[in-house]
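Engineer: Once you've had a glance at the structure underneath, I'll fire off some questions.
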Amino acid sequence: MMEGLNKVMLIGNLGADPELRATPGGKAVANMRLATTDTWTDKAGEKRERTEWHRIVVWGKLAELCHQHLTKGRQVFVEGQLQTREWTDKENRKNFTTEVIATQVTFLGQRPDQRSADPTRTGSRGAATQEPASDGQPPPMDDADVPF
């Protein structure tokens, strides 16, 4: 019998600088918003565009690296898996959010602050990988670890 597959790969631009926090246990967690844009030409020949926003959660050393090196507008490749969380708000309503728990983040293109500094530079690239837990799964989240 085949196991399920939960794998996400996205290339997009950050909508804001990564936000770094620490859990009560001291583990670093960064939250990022990533925009992916699809473009196409409709039947009338008009160029169309649709942007989708994704919540990205990064843990540990990878979270710290993203916070140090990434800024709004930077293009990144994110690889990870989907996770849906449920919580109850102050009005006692149930809420759900689906996030990408990143296991790898590759920095693409130029940092926005480098564009005017050196127009001949092709951009810096770097990759960072989240070490999986001993069971191969991302760290579990409990209510104390909610990043948003």
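Engineer: I need the peptides 79-89, 41-51, 95-105, 58-68 ranked by packing, meaning the mean over residues of other C-beta atoms within 10 angstrom, with the highest value on top.
Structural biologist: Descending packing order for the listed peptides: 58-68, 95-105, 79-89, 41-51.
Engineer: Can you give the FRET efficiency for M1 and T97, using 1/(1 + (r/R0)^6), R0 = 30 Å, r = Cβ-Cβ distance, to the nearest 0.05?
Structural biologist: 0.45
Engineer: Based on the alpha-carbon gyration tensor of the range 1-87 and its eigenvalue square roots a ≥ b ≥ c, which shape applies: rounded if a/c is under 1.5, prolate if not and a/b is larger than b/c, or oblate?
Structural biologist: It comes out oblate by the Cα gyration axes.
Engineer: With a ≥ b ≥ c taken as the square roots of the eigenvalues of the C-alpha gyration tensor of the range 35-79, please select rounded if a/c is under 1.5 and otherwise prolate if a/b is larger than b/c or oblate if it is not?
Structural biologist: In terms of gyration-tensor shape, prolate.
Engineer: Can you list the residues, at least 5 places off or on another chain, whose amide H is less than 5 Å from the amide H of Q104, using H built in the peptide plane?
Structural biologist: E79, Q130
The numbers here are math on the coordinates, done by the rules we state, and not lab data. The structure presented is a predicted model; accordingly, all values stated were derived computationally and were not measured. Cβ: placed from backbone, ideal geometry, glycine included. Neighbour counts: every protein chain shown.
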